[in-house]
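The values are calculated or read from the model by the stated rules, or taken from the named source; none is laboratory data. As the structure is a prediction and not an experimental result, all values here were calculated from the model. Backbone-built Cβ (ideal geometry, glycine too); neighbour counts: all protein chains shown.
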Amino acid sequence: MSQDMTWQEVRAEMKALRDQIGPLARVQVSIDDGGISGYVNDSQAYKFFNGESFALIIGDMKRHTEELARKYTEMITRKMAHSIIDITAETSSCSAAQLRMKGYSDIDIERHGPAACARADSMAASGPFSIIPTSSNQVAAE
């Protein structure tokens, strides 16, 4: 077993993997008597990795998370598009605060909001749809 990365590098890589998958992701690496291991959980399934170096395990995890990130992007874009349509139908506009009240994170709204608006446009004739930016501490008017 080799320690080919510092703990700071490992921590930074874990954060990048988590950010790539989405806010529900969990990633972890550890060292024990059997060597170095790690896992990725995208809130639906776990994937475990074993190896002799952090770099090898993290490389395997990156390849796996690319597919998870693609699936998450498709799912959240589709879901958010439906929410944008519903909110707009109810209130004649859609704000980031209203999406947060529906459970979307600021990161998801920023990353996937434009694609969700485009998808909503293609799904419903009442577009074009948009998201009115609001800060996290603002409450949407009801």
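Tabulated data
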{"quantity": "Residue that is modelled with pLDDT under 85 and either within 16 Å of the chain's Cα centre (by Cα) or assigned by TED's automatic domain parsing to the domain that holds residue 112 (or both), where the choices are 44, 28", "calculated": "44"}
{"quantity": "Filter result for residue 134 (outside any helix (DSSP H, G or I) and not assigned by TED's automatic domain parsing to the domain that holds residue 26)", "calculated": "yes"}
{"quantity": "Cβ pairs under 6 Å, 6+ apart, first in the stretch 23-38 and closer than 25 Å to residue 111 by Cβ and touching a residue at least 12 places away in the same chain (Cβ under 8 Å), second among the hydrophobic types (A, V, I, L, M, F, W, C) and part of a strand (DSSP E or B)", "calculated": "27/40; 38/29; 38/49"}
{"quantity": "Test: residue 90 is more than 17 Å from the chain's Cα centre (by Cα) and acidic (Asp, Glu)", "calculated": "yes"}
{"quantity": "Helices (runs of 4 or more DSSP H) enclosed by the stretch 1-114 - at least 2 residues per element that are loosely packed, with under 14 Cβ neighbours inside 10 Å", "calculated": "7-21, 54-91"}
